[in-house]
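Q: Have a look at this one before I ask anything.
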Amino acid sequence: MAFECQQDTNICLKDTSTNCLDNLRIEKVDSDQLVLIKDKNFESLEPENPDSVSESNVQTGIRFSERLPDYKRSFADLPPALISEIFNSLDPRELGIVSCVSTYLYGLASEHHVWKEFYYERWGHPVTSVDSGPGYSNEKSWKELFVEREFRSKTFMGRYSIDTLYGHTEAVRTIFVLVSKKLVFTSGYDQVVRMWHMEEGLSVASSRPLGCTIRAVSADSRLLIAGGTDGFIHGWKAEDKNPLLFDLRAPQNQNMEFRVWEHDGPITCLALDFSKMYSGSWDMTVRVWDRSSLKCLKVLVHNDWVWSLVPHDTTIGSTAGSGVYIWEANTGTQLAIINSAHVGNAYSLARSHTGKLLFTGGEDGSIHMFEIAANFKKCNMRKVATWVPHSGPVHSLAFEFPWLVSASSDGKISLIDVRELLKTKRHSSTQNTSKNVEPPQRMLHGFGCNLFSVGIGYDRIVCGGEEGVVRIWNFSQALEIEERVRTLRGIRLENRMRRRKLQPETSGKSEQSEQCSVAAKKKQINSDKNGWHNKRRVSWKVKA
């Protein structure tokens, strides 16, 4: 073993140096370095007299800039900015392990801002409020929100119940789940938009017939829009004092309702963001609308019927025919295209909250996962994985980290967990190759005909199809069971720790009792021997 000490190096002598640097001796000394080689005859580098440290250093050729006090350096002595950068490079599991090391690191890791980034990366803006400072002690922190949401995501592998909602008279073509308000909007061939309460499973309101088949619905807390096969977009504005947001039963009101016409064909997909509306049609265009003025801002021309679209930030993902497109929303520039992504039409599309992952479902029954790397005026799409869970066309996709949910004409719903795939992707090369991964983690059956649309909430999956009914797969029972299991696991852990604390005391008492029992046995054996000899003496005396 060799150790090099450069000139003007600060060295701290400690009492433990005898153990750490044992069996070393000085072999060669230059003006700038000291080389220490292993030797069995060397005992310690610590001098007996601390005042003679400087003299011995001069003799050996080592120069010290200053003498340091005796103390130990630790991770906590690093600058806060450096600690923050280290935490930023960890994933949630690794950061949780770091928080178990000590109380100090637990405080740093629990309050670190990276938990907010973890949450936004997976689920976007939270519905519940978070801890904004010392004055909001009753609010949840970002770590608590993350742990709770991650815990909820495990319930989709547990027990469930099915709620069947009746109301539509014909097939249900579209479903939209507004998670923040626990509302579900559905429509289809009966030309009526219906609003349901997701947890109670009750029909809350329904609109009048809109005059044609409704193939697309989208909503947020301020606006509800529906697209018809006649090429119009019908919208309802939210009412401030209405707990259900939209009054669908009221007669037509120009202040609260609107209808715009621009498309020349049936509208197949709709989407909303903070300031814009997006619509796709069989007229081979995607139109970008201003929400306040209801004017068309951009027209994105495709080379085939548009089936689906998903906006994110300033980009739009769309499918037309068998191709997948990425557009710049503000300029209308086409950033990327993948031709013949599926055998047949690419019917469905979903995107992660970060916009880096894009999922497509096609007529061939397959689901592709693409990774998007966007640069300035350039965008690259790389196929990461492919699943083939269905025997029929995939009509609808929904993504809520980590679950990708698909609905198909074979009457089945597949649940795919992408967490393990993302973990392996971090350590893999960046070559433009894809692979067939393991099959979906779960398949939900029970439908005998086509499924046209699917949506996902916190602990529920909503789907509709040709039967004309809406089904809600309720996994809240699995959440309750999992919470009880976690509580019992915590109680067992506390009991185990309590037994470990009591073990030294009981072991000491048992050792004392064992010593006493051994001494008693020895005494009994000696007494038995003495008694046997006494009997022998008495018997000999009698014979004599």
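The values are calculated or read from the model by the stated rules, or taken from the named source; none is laboratory data. Bear in mind the structure is a predicted one, so any value in this text is a computation, not a measurement. Cβ sites come from the backbone with ideal geometry, for glycine too, and all protein chains shown count toward neighbours. Areas reflect the complete protein model, heavy atoms only, side chains present, ligands, DNA and RNA absent. Shrake-Rupley method; radii C 1.70, N 1.55, O 1.52, S 1.80 Å.
Q: Could you list all residues from region 216-236 that are among the β-branched types (Val, Ile, Thr) and either under 36 Å from the mean Cα position of the chain (by Cα) or closer than 17 Å to LYS276 by Cβ (or both)?
A: VAL217, ILE225, ILE233
Q: Then there is this: List pairs: first in region 122-150 and at pLDDT 80 or above, second part of a helix (DSSP H, G or I) and polar (S, T, N, Q), Cβ under 8 Å, 6+ apart or cross-chain?
A: Sorted first by the residue in region 122-150, then by its partner, the pairs are SER141/SER110; LYS143/SER110.
Yes/no matrix, rows are residues, columns are (1) among the polar types (S, T, N, Q); (2) more than 20 Å from SER221 (Cα to Cα):
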site: ILE267; (1), (2): no, yes
site: LEU270; (1), (2): no, no
site: LYS276; (1), (2): no, no
site: ASP283; (1), (2): no, yes
site: SER293; (1), (2): yes, no
site: VAL301; (1), (2): no, yes
site: VAL306; (1), (2): no, yes
site: ASP313; (1), (2): no, no
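Q: Still on this structure: Please find, among ARG460, ARG484, the residue that is among the basic types (Lys, Arg) and open to solvent by less than 60 Å² (accessible area, probe 1.4 Å).
A: Just a single option satisfies the conditions, and that option is ARG460.
Q: Could we say that THR174 is modelled with pLDDT of 85 or more and either touching a Phe, Trp or Tyr at 6+ places or on another chain (Cβ under 8 Å) or of a type in the set (A, V, I, L, M, F, W, C) (or both) here?
A: It is true that THR174 is modelled with pLDDT of 85 or more and either touching a Phe, Trp or Tyr at 6+ places or on another chain (Cβ under 8 Å) or of a type in the set (A, V, I, L, M, F, W, C) (or both).
Q: Tell me yes or no: at least one residue of region 243-261 is among the small types (Gly, Ala, Ser), closer than 20 Å to LEU183 by Cβ and in contact (Cβ under 8 Å) with a residue 24 or more places away in the chain.
A: No.
Q: Shifting gears a bit: Is it the case, given these coordinates, that SER391 is modelled with pLDDT of 90 or more, surrounded by fewer than 19 Cβ atoms within 10 Å (Cβ to Cβ), farther than 21 Å from THR315 by Cα and not aliphatic (A, V, I, L, M)?
A: Against the criterion (modelled with pLDDT of 90 or more, surrounded by fewer than 19 Cβ atoms within 10 Å (Cβ to Cβ), farther than 21 Å from THR315 by Cα and not aliphatic (A, V, I, L, M)), SER391 qualifies.
Q: Quick check on my filter: what residues within region 400-413 are free of Cβ contacts under 8 Å to residues at least 60 places away in the same chain and surrounded by fewer than 22 Cβ atoms within 10 Å (Cβ to Cβ)?
A: SER409, ASP410, GLY411, LYS412
Q: Here's another thing I want to ask about it. Inspect all residues belonging to region 222-237 and state whether any of them is over 30 Å from ILE326 (Cβ atoms), surrounded by fewer than 18 Cβ atoms within 10 Å (Cβ to Cβ), free of Cβ contacts under 8 Å to residues at least 40 places away in the same chain and not hydrophobic (A, V, I, L, M, F, W, C).
A: yes
Q: Any residue in region 325-341 that is modelled with pLDDT of 95 or more, under 24 Å from ASP410 (Cα atoms) and not polar (S, T, N, Q)?
A: No: region 325-341 contains no residue that is modelled with pLDDT of 95 or more, under 24 Å from ASP410 (Cα atoms) and not polar (S, T, N, Q).
Q: So if I check each of GLY228, GLY167, which one is over 27 Å from TYR458 (Cβ atoms), of a type in the set (Gly, Ala, Ser) and in contact with a Ser or Thr (Cβ under 9 Å, 6 or more places away or on another chain)?
A: Within the list GLY228, GLY167, the selection yields GLY228.
Q: Residues to consider are LYS356, LYS378; find the one that is within 19 Å of the chain's Cα centre (by Cα), more than 30 Å from ARG471 (Cα to Cα) and open to solvent by 30 Å² or more (accessible area, probe 1.4 Å).
A: LYS356
Q: How many residues, within region 323-340, are crowded, with 20+ Cβ neighbours inside 10 Å and part of a loop (DSSP other than H, G, I, E, B)?
A: 1
Q: Quick check on HIS112: is it over 16 Å from the mean Cα position of the chain (by Cα), surrounded by 15 or more Cβ atoms within 10 Å (Cβ to Cβ) and at pLDDT below 80?
A: Details: over 16 Å from the mean Cα position of the chain (by Cα): yes; surrounded by 15 or more Cβ atoms within 10 Å (Cβ to Cβ): yes; at pLDDT below 80: yes.
So HIS112 passes the test.
Q: Mind listing whichever residues of region 358-388 are in a strand (DSSP E or B) and farther than 22 Å from LEU300 by Cα?
A: Residues satisfying the conditions are ILE367, HIS368, MET369, GLU371, ARG382, LYS383, VAL384, ALA385, THR386, TRP387.
Q: How many of the residues making up region 443-475 are among the aromatic types (Phe, Trp, Tyr) and under 26 Å from the mean Cα position of the chain (by Cα)?
A: Qualifying residue count, region 443-475: 3.
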